[in-house]
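A.B. asks: Structure in C-alpha cells, see below.
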Amino acid sequence: MALLLRVERSFKVNTVDKLLELQKRDCTIRDIKQELQDIPARQKEEEVRLDEHKLALAEAEDALKSEQASIADVELEINSSNEKISKLRQQQLELKTNKEFRAMEDEIKAVLSGITTFEDKQLLLMEDLEQASGIVEEKRKALAEEAAAVEGDKKVHGDRAAALESELKTLEEARASEAADIDAGWLTRYDLIIERKGRAMVLVDNGICGGCHMQLPPAVIHAAAAHNTMVFCDHCGRLLY
C-alpha cells in the first residue's frame, strides 16, 4: 500500500511538473500568437498616419491652387481694366468738346484707381501665395519622411512576423511532443481550463488560490498538498498544486 501511494505521488508530482512546463510553453505560444495578431493592426495605424500626411498635403495644395486662382482673377481684372483704358483713350480722340474730354479723363482716372487697388491686392495675394507654397513644401517633405518611416516599419514588422512564425512552429512542435508524454486525463482537463482561464495550473500559497486569490477550504488545501489526485479551485476551477 505504501509503495502504491509513493507511485501515485510520484505520478502526480511528475505530471504537475510536466504540466507546469507545458503551461510555460503555452503562455509563450499565446504571447507570440497575440503579437502576430497585433502586427497588422500596427501596420494599419502606420498607414493611417501616412494617409493623414497625404491629406494634409492635399489640403495645402488646394490652398495653394486657391491662392493662384485668386491672383489669376486679379490679373484678369487688371488686364481688363487696361484694355478698358485703351478703348477709352481711343474714344477720347474722337470727342468734340473739352467737357466730353474731361468727363472721359475722369472715367479713365477711376479705372486707373481701380487698377491700383487691384495691384495692391495682388501684392498681398503674392505674399499669401509664397506662404502657401512654403506650406506645401513642408507637407511634401513631411510626407516623404513619413513614407520612408512607414516602409522601414513595414520591413521591421515583416522580419519580426517571419521570426515569430518560425519560433511558433518550433514551439508548437515541441509542445505536441511534450503533451504526448502527459497523462491523457490530466491533459484534457488542463487544455479545457487554460483555454478559458489563460492559466490552468496555479499554486496554493498560504491557503490562497494563485488564480483567483480566494481563500481555499482546508480540505482543498490538504488535497492539493497530498499530490495524489486532481484538485480544483471551487471559485475559478483552476488546477491547484
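The values are calculated or read from the model by the stated rules, or taken from the named source; none is laboratory data. Source: prediction; values computed, not measured. Here the Cβ positions follow ideal geometry from the backbone for every residue, glycine too, while neighbour counts run over all protein chains shown.
A.B. asks: Being under 26 Å from the mean Cα position of the chain (by Cα), at pLDDT 95 or above, of a type in the set (G, A, S) and part of a helix (DSSP H, G or I) narrows it down to one residue among A132, A162, A176; which is it?
C.D. replies: A162
A.B. asks: If only one of E45, E35 is modelled with pLDDT of 95 or more and within 30 Å of L168 (Cβ to Cβ), which one is it?
C.D. replies: Going through E45, E35 in turn, the sole match is E35.
A.B. asks: A further question on this structure: Do any residues in segment 68-79 that are in contact (Cβ under 8 Å) with a residue 24 or more places away in the chain and closer than 15 Å to A132 by Cα have Cβ atoms under 7 Å from those of residues that are in a helix (DSSP H, G or I) and of a type in the set (A, V, I, L, M, F, W, C), where the two are at least six apart or on different chains, and which pairs are they?
C.D. replies: Q68/L129; S70/L125; I71/L125; I71/M126; I71/L129
A.B. asks: Would you please list the contacts, defined by Cβ atoms under 7 Å and residues six or more apart or on different chains, that run from a residue in segment 189-210 that is surrounded by fewer than 14 Cβ atoms within 10 Å (Cβ to Cβ) to a residue that is outside any strand (DSSP E or B)?
C.D. replies: Within 7 Å, the pairs are L203/G210; L203/Y241; G207/L216; G207/I221.
Every residue, every condition in (1) part of a helix (DSSP H, G or I); (2) among the charged types (D, E, K, R); (3) surrounded by 14 or more Cβ atoms within 10 Å (Cβ to Cβ); (4) touching a Phe, Trp or Tyr at 6+ places or on another chain (Cβ under 9 Å), yes or no:
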{"site": "A41", "(1), (2), (3), (4)": "yes, no, no, no"}
{"site": "E45", "(1), (2), (3), (4)": "yes, yes, no, no"}
{"site": "A60", "(1), (2), (3), (4)": "yes, no, yes, no"}
{"site": "A63", "(1), (2), (3), (4)": "yes, no, yes, no"}
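A.B. asks: Output the qualifying pairs, or none if there are none: Cβ atoms under 8 angstrom, residues six or more apart or on different chains, first residue in segment 155-181 and touching a residue at least 24 places away in the same chain (Cβ under 8 Å) and within 23 Å of Q43 (Cα to Cα), second residue surrounded by 15 or more Cβ atoms within 10 Å (Cβ to Cβ) and of a type in the set (S, T, N, Q).
C.D. replies: Partner pairs satisfying both residue conditions: H157/Q43.
A.B. asks: Please go through segment 81-118 and give me each residue that is under 23 Å from I71 (Cα atoms), more than 60 Å from the chain's Cα centre (by Cα) and either surrounded by 14 or more Cβ atoms within 10 Å (Cβ to Cβ) or in contact (Cβ under 8 Å) with a residue 24 or more places away in the chain (or both), ordered by number.
C.D. replies: Once the filter is applied, which keeps residues that are under 23 Å from I71 (Cα atoms), more than 60 Å from the chain's Cα centre (by Cα) and either surrounded by 14 or more Cβ atoms within 10 Å (Cβ to Cβ) or in contact (Cβ under 8 Å) with a residue 24 or more places away in the chain (or both), segment 81-118 yields only I85.
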